[in-house]
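Report on the following structure.
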Amino acid sequence: IEAGNYQKGHIWLHGFDISIENAKGSERSGVDKDGKEWSVTTPAHYGYIRGTKGKDKDHLDVYIGPDADSEDVFVVNQGTVPGRTGHQDFDEHKIMLCFGDKEAAVKAYDAAFSGDLGPKLRTEVVSSSISQLKDWIEHGDTKRPFK
């Protein structure tokens, strides 16, 4: 599992080839950098868009909401955990597909983290269309915040 060599779900959605690592309702858990255990129930299907590469050199992460017909996309520019100075650096993107509106996307994003970590990491949420997202993935800089 640590190496990523396990059976994943697989879907084509809005022209994206997506692998699902965690189905909605599944439990994600781990240990944070301070050694504290955490656990959260996944609020939406979670995985990645195959054939992409983000700032962390992994595929771009994606959450799949309940509204498959929605052509709206919400990209969360996620920051690092703020230190004592309150400064955050850009960490990675979380792409929110199939959510009916920004409020639903933000609610799902925040629920994907234990405690109040989601709002602390969420530096900006940018609305987009499917075609704008595809153009950005193909021609944009996926190592910088989405604009």
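At a glance:
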item	result
Rounded FRET efficiency, nearest 0.05, which uses the C-beta distance separating GLU27 from ALA68 and R0 of 25 Å	0.55
The chain, relative contact order in percent, only Cα pairs under 8 angstrom and at least six apart counted	20
Ellipsoid equivalent to the range 31-99 - semi-axes via the Cα gyration tensor, in Å	25, 16, 13
Of the GluC sites (Glu not before Pro) in the range 38-113, those whose Cβ has at most 15 other Cβ within 10 Å and which sit in DSSP loop	GLU71
Among GLY15, GLY118, GLY30, residue whose mean-square fluctuation peaks in a GNM of the chain (springs only between Cα atoms under 10 Å)	GLY30
When each of LYS24/LYS134; LYS57/LYS120; LYS36/LYS102; LYS8/LYS57; LYS53/LYS102 is checked by Cα-Cα distance, pairs over 26 Å	LYS36/LYS102
Prolate/oblate/rounded label for the range 88-132 (Cα gyration tensor, a/c 1.5)	oblate
All lysines inside 16 Å of LYS55 as judged from Cα atoms, apart from same-chain residues fewer than 8 positions distant	LYS94, LYS143, LYS147
Percent RCO, i.e. relative contact order, over the range 17-91, from Cα pairs under 8 Å lying at least 6 residues apart	22
Kirkwood Rh in Å, taken over all unlike Cα pairs in the range 43-147	13.8
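No value in this document is a laboratory result; all are computed from the given coordinates. These numbers were taken from a predicted model, which means no experiment stands behind them. Every residue, glycine as well, gets a Cβ built from its backbone with ideal geometry; the counts of neighbours run over all protein chains shown.
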